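Here the structure comes first, spelled out in structure tokens, and everything after it is commentary.
The values are calculated or read from the model by the stated rules, or taken from the named source; none is laboratory data. As the structure is a prediction and not an experimental result, all values here were calculated from the model. Cβ coordinates were reconstructed from backbone atoms using ideal geometry, including for glycine residues, and neighbour counts include every protein chain displayed.
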Amino acid sequence: MLSLRADIERAGLDTLAGRKAARSRVLLIAGRPGWGRTALAEELARRLADDYPDGVLSARLTTSAGDPVPTERTARELLGRLGVSAPPGADEDDLSEALRAALDGKRVLLLLDDVAGAEQVDALLPDEPDCLVVAVSRGPLTGVPDVRPCTVGGLDVSAAVGLLAQYTGPTRITCDPVAAQSLVEECAGQPAALVLVGGWLAARPQASVADALARLCELPPDEGDLDHGARPLTRAFRLAYAALPSAAARMLRLLVMAPGGSVDAQIASALAGCSVADGEAALEGFAAYGMLRPRGTGRYLVPGCLDPLLRERLAAEERPAEVELARARMLERAVRQLHACRLAAEPAGSPGRKKLAGMPKPLRFSSSAEASGWLEERLPTLIEAARMAVETGQLDTLARRLVAALTHALTAHRGFEGAAVELYGLHQLVLDVARRRDLPAERAAALLNLGDLDGGAGRVDKALTRYKSALEAARASGDPYTTGRALESIGATYQALEDWHRAADWFGRALELRLSRRDTPAAARLYARLGTVHGYAGRWGEALRDWRAAAAACRRAGDQAGYARALSGTAGAQERSGRPREALRTWAETAAAARTCGDTGLHAELARHAADAMDRLGGDPAVARSLRRTARRIEAGEAEDTGPSPQSGD
């Protein structure tokens, strides 16, 4: 540990040349999985935490399946921990730049575990010299300047024997120190191998250290023995795995299907098809014997060094149909948990809460706060589960259900804007499924949702492209609702671009479709949108016609609030068309309609607008004053003014 501190403090090439370092220092801890590289990095970060007052951030750059984690995903995760929000759909360069800007002027220690390549580190490397990056990797990081490397080997005999004693207790070590030393040599001082052998001894209080050494040496040769670097761990794993009961061994090998290698009792019970209590007991046993790493209350992690070994066992001992069934059970359990999480966000006494009360106890949440906390804690695992389900390509129906359930739970607890970043990734997953299975309706819906998020992030051109692609997919599916939504979204995008002519054209197409379907509420909305864009374009005659049609449609649909808004638009168009007396009468009708619309905020807003119009157009001053008093009383939460009211004939 002292040598690592010396490497960190050692002057780099820039410092020796009299220049200040342009970027943060990088300490590389290199070694194969199972040799303690991550444990060493975590212990170093713990000891250096006081030197970096702005915090220690960690991220794993390789998935449990061995694939590199995309840089944009890691950068967004780190930004979130720094309390910095980034727009949904931002690309890798934008997110990397945002991360560097967030770290500027800070002293942060960045721990990057399981680095797959130098390009991953380079994209995340801060430009702040006072930061420190500790990277854990198999080999060198060629291309990253001024890296201080440290290669991890086996433990010395004293440390290795101490690690064994944590599992066996000191008595067995003291009784046969020579066998303990020989066992350390057989394991080549590899921490992961020593932990597995120690766990084997912990499960057998009557066995001696010499017994463990003999059993290990008696193992027949295996293909894994050809790789001398992997031989100690492979043989220790074979010893520990062969000693497990068949049910426990099956559960252990199924755990590698857990998203991100993160497991809890719910996931274990779903994968193995057992009760939650049995799953919890099995996980505790695995952790006690060194086969899992504890990660918080009731949560565990499959060690990365054991992942490939367990996957080999899974492929050799489980039929593909059984593997798919176990994965389906796990995803179905996640869907049910997310459904319960969404129901917990509904008000007490609502039908949703009553439905939640009827669900099995392990799935229920006692409060909305508990459900929200569970969702935030499990969110990375849930997103990884959705991603894995999509990538397998064999559970697309269940994958879509999982994505939909996660979308609904996030929206219920965070709201649309608060969940925009996660929703963007989830809708992209749905789009991938829809394209692979040639599902035009689902593809159109995903493109529309992504377009909405792109538009909200200011990427209007990209949103327009998505909406037009969604229109093609919607027409191919023959879905009139999605087609109408795409047409309206295209019109709204052109409205945002202030292209009034094209906006009116697309709104008109959407209106024709809604009228053909006799969708009166949607037609009312589109008439209002046409009135708005025609007004922006200065075509007040067309705007007046559209606003009148919107008011009539709202009245037929029984939408009193929409009717009041449409009347205000009609009055505004009349005023700008040079019809002041008609405008006064319509403003009076607007104020009267607003009184019964059931929306106090809208009532106050329209009352104030009507009062201003009375002043401009020469209406009754007493009526204008009464309308303003009404608006003020509504905003103050008081009773409505009972003074003079406008009449349509005033």
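Here are a few things to note about the model shown:
- Against the list (1) among the acidic types (Asp, Glu); (2) surrounded by 18 or more Cβ atoms within 10 Å (Cβ to Cβ); (3) under 23 Å from residue 68 (Cα atoms), the condition residue 391 fails is (2).
- When region 64-75 is filtered for residues that are in a loop (DSSP other than H, G, I, E, B) and crowded, with 21+ Cβ neighbours inside 10 Å, only 64 remains.
- Scanning region 312-371 for residues that are within 21 Å of residue 274 (Cα to Cα) and assigned to a loop (DSSP other than H, G, I, E, B) turns up 318, 319, 359, 360, 364.
- Selection of region 498-524 for residues being of a type in the set (D, E, K, R), closer than 18 Å to residue 552 by Cβ and crowded, with 16+ Cβ neighbours inside 10 Å yields 514, 519.
- Residues of region 264-275 include at least one that is part of a loop (DSSP other than H, G, I, E, B) and touching a residue at least 40 places away in the same chain (Cβ under 8 Å).
- Counting only helices (runs of 4 or more DSSP H) that sit completely within region 569-636, those holding 2 or more residues that are in contact (Cβ under 8 Å) with a residue 60 or more places away in the chain correspond to 580-595.
- Residue 577 passes every criterion in (1) hydroxyl-bearing (Ser, Thr, Tyr); (2) more than 26 Å from residue 636 (Cα to Cα); (3) buried (at least 18 other Cβ atoms within 10 Å of the Cβ) apart from (3).
- Any hit, region 193-208, residues being surrounded by fewer than 16 Cβ atoms within 10 Å (Cβ to Cβ) and touching a residue at least 60 places away in the same chain (Cβ under 8 Å): yes
- Number of the exception - residue 391 against (1) over 24 Å from residue 75 (Cα atoms); (2) over 15 Å from the mean Cα position of the chain (by Cα): (1)
- Only listed residue being assigned to a helix (DSSP H, G or I) and within 42 Å of the chain's Cα centre (by Cα), chosen from 548, 565: 565
- All positions within region 432-441 that are buried (at least 21 other Cβ atoms within 10 Å of the Cβ) and either modelled with pLDDT of 85 or more or outside any helix (DSSP H, G or I) (or both): 434
- Subset of region 112-132 (residues that are in a strand (DSSP E or B) and either surrounded by fewer than 21 Cβ atoms within 10 Å (Cβ to Cβ) or of a type in the set (Phe, Trp, Tyr) (or both)): 113
- Selection count where residues are of a type in the set (D, E, K, R) and at positive phi, scope region 337-352: 0
- All positions within region 64-94 that are in contact with a Phe, Trp or Tyr (Cβ under 7 Å, 6 or more places away or on another chain) and within 22 Å of residue 256 (Cα to Cα): none
Residue by residue, here is whether (1) at pLDDT 95 or above; (2) among the acidic types (Asp, Glu); (3) under 21 Å from residue 609 (Cα atoms) holds:
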{"residue": "517", "(1), (2), (3)": "no, no, no"}
{"residue": "562", "(1), (2), (3)": "no, no, yes"}
{"residue": "575", "(1), (2), (3)": "no, yes, yes"}
{"residue": "579", "(1), (2), (3)": "no, no, yes"}
{"residue": "589", "(1), (2), (3)": "no, yes, yes"}
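- Count - residues of region 302-336 that are under 30 Å from residue 364 (Cα atoms) and either in contact with a helix residue (DSSP H, G or I) (Cβ under 6 Å, 6 or more places away or on another chain) or among the hydrophobic types (A, V, I, L, M, F, W, C) (or both): 13
- Verdict on residue 44 being in a helix (DSSP H, G or I), in contact with a Lys or Arg (Cβ under 6 Å, 6 or more places away or on another chain) and of a type in the set (A, V, I, L, M): no
- For beta carbons closer than 7 Å, sequence separation of 6+ or different chains, a first residue in region 300-311 that is within 13 Å of residue 257 (Cα to Cα) and in contact (Cβ under 8 Å) with a residue 40 or more places away in the chain and a second that is part of a loop (DSSP other than H, G, I, E, B) and of a type in the set (Gly, Ala, Ser), the qualifying pairs are 302/64; 302/258; 307/64.
- Scanning region 296-311 for residues that are in a loop (DSSP other than H, G, I, E, B) and crowded, with 16+ Cβ neighbours inside 10 Å gives 299, 302, 303, 304, 305, 306.
- The condition of being out of contact with any His (no Cβ under 7 Å at 6 or more places or on another chain) and closer than 16 Å to residue 467 by Cα holds for only one of 524, 492, that being 492.
- In summary, helices (runs of 4 or more DSSP H) completely within region 133-222 and bearing 2 or more residues that are under 43 Å from the mean Cα position of the chain (by Cα) occur at 157-168, 191-202.
- Residue check, residue 246 touching a helix residue (DSSP H, G or I) at 6+ places or on another chain (Cβ under 6 Å) and among the hydroxyl-bearing types (Ser, Thr, Tyr): no
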